[in-house]
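All remarks here apply to the structure that follows.
Every number in this text was worked out from the coordinates using simple rules, so none of it is lab data. Everything quoted here is computed from the prediction, not taken from an experiment. Cβ placement follows ideal geometry from the backbone for every residue including glycine, while neighbour counts extend to all protein chains displayed.
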Amino acid sequence: MIELAPSLLAANVLNLEKDLDEMMKNGVDTLHYDVMDAHFVPNLSFGPALCKDIKKRFPACKMDVHLMMDNPDKYLSVFAEAGAYTITLHQEVLPDPRASMESIKKLGVRCGMSVKPGTKAETLLPYLDILDYILIMTVEPGFGGQKFMADQVGKISMLRAAGFKGDISVDGGVNLENAPMLVQAGANVLVMGTAYFKADDPAMIAKTVKELA
Ligand code: DX5
Ligand code: ZN
């Protein structure tokens, strides 16, 4: 089954309660939650407080927390307490990736690792046994609404060929046009910011993604 994970970054926070209510009614129960620190990426976004409030208001919503920050190890328990379902860290900033993943698991949260476009997916291979989730960036992290980088798709098929059975998600410029190619390569979670929250008909987007085989 292909899962859609709308990215909060593209939502209008002033309409959040209504838009998330609609999202859940559209049968979408995963929300991609981007955390940016203005160091690892040149932008700022959301902290743990909003995550906690969303989880409180929508307990069935699975918070897909993507930490685009330096020193993420310091914030694992904070995001676990804020209700994260998955916490994804960038391979590029981790001094001991396996220890970080073990820490996330000990908090009772699914662990994920992500790579930027310039980082080889091979760097993930030593950790496939422990990872619940891999997030392939198909734009330079930091901003929504960027152009999809098709040259990243080979990373997905490589990881499947290496035997990875967990979730593989794709983040950055994902839309209904490139979705079939991503699913064919082996992705099963599609993060969509602009393509979902800025769509005229988000319900149609949700339905179309669900029908992708
Ligand atoms: C980018 C973020 C993405 C972003 C995707 O750094 O990690 O999650 O919200 O937005 P779109 O789908 O608009 O490219
Ligand atoms: Zn993201």
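Normalising by the residue count of the chain, find the relative contact order in percent from Cα pairs under 8 Å and 6+ residues apart.
Details: 420 pairs, mean separation 48.4, N = 213.
In percent, rounded to a whole number, it is 23.
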(Q) If amide hydrogens are placed 1.01 Å from N in the peptide plane, which non-local residues have theirs closer than 5 Å to the one on Leu94? (A) none
Q) Once phi is turned into ³J(HN,Hα) by the Karplus curve 6.51 cos²θ - 1.76 cosθ + 1.60 with θ = phi - 60°, what whole-Hz value does each residue of the stretch 151-167 show in order, with x for glycine and proline? A) 6, 8, 5, x, 4, 5, 5, 4, 5, 5, 5, 7, x, 6, 9, x, 6
**Q.** Neighbour-count order for Tyr33, Tyr127, Tyr196, fewest beta carbons within 10 angstrom listed first
**A.** Tyr127, Tyr196, Tyr33
Q | Under 5 Å, built H, 5+ apart or other chain: amide partners of Leu135 | A | Met113, Ser114, Val115, Ser169
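Restricting to bridges with both residues inside the chain, how much of the DSSP beta-bridge set is antiparallel, in percent to the nearest 5?
Numbers: 1 of 34 bridges.
Here the antiparallel bridges make up roughly 5 percent for the chain.
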Q: Under 30 Å Cα to Cα from Lys106, which lysines show up? Leave out anything in the same chain fewer than 8 places away.
A: Lys52, Lys55, Lys56, Lys62, Lys74, Lys116, Lys120, Lys155, Lys165
Q: Give the long-range amide H neighbours of Met192: residues separated by 5 or more places, or on another chain, with amide H under 5 Å away, using H modelled in the peptide plane at 1.01 Å from N.
A: Ala5, Ser7
Q) Residue by residue, what Karplus-based ³J(HN,Hα) values in Hz, rounded to whole numbers, does the stretch 59-71 have, using 6.51, -1.76 and 1.60 with θ = phi - 60° and x for Gly and Pro? A) x, 7, 7, 8, 7, 9, 7, 10, 8, 9, 7, 7, 6
Q. Can you run phi through the Karplus equation (6.51, -1.76, 1.60; θ = phi - 60°) for the stretch 102-113 and list ³J(HN,Hα) in whole Hz, with x for Gly and Pro?
A. 5, 4, 4, 4, 4, 7, x, 10, 5, 9, x, 10
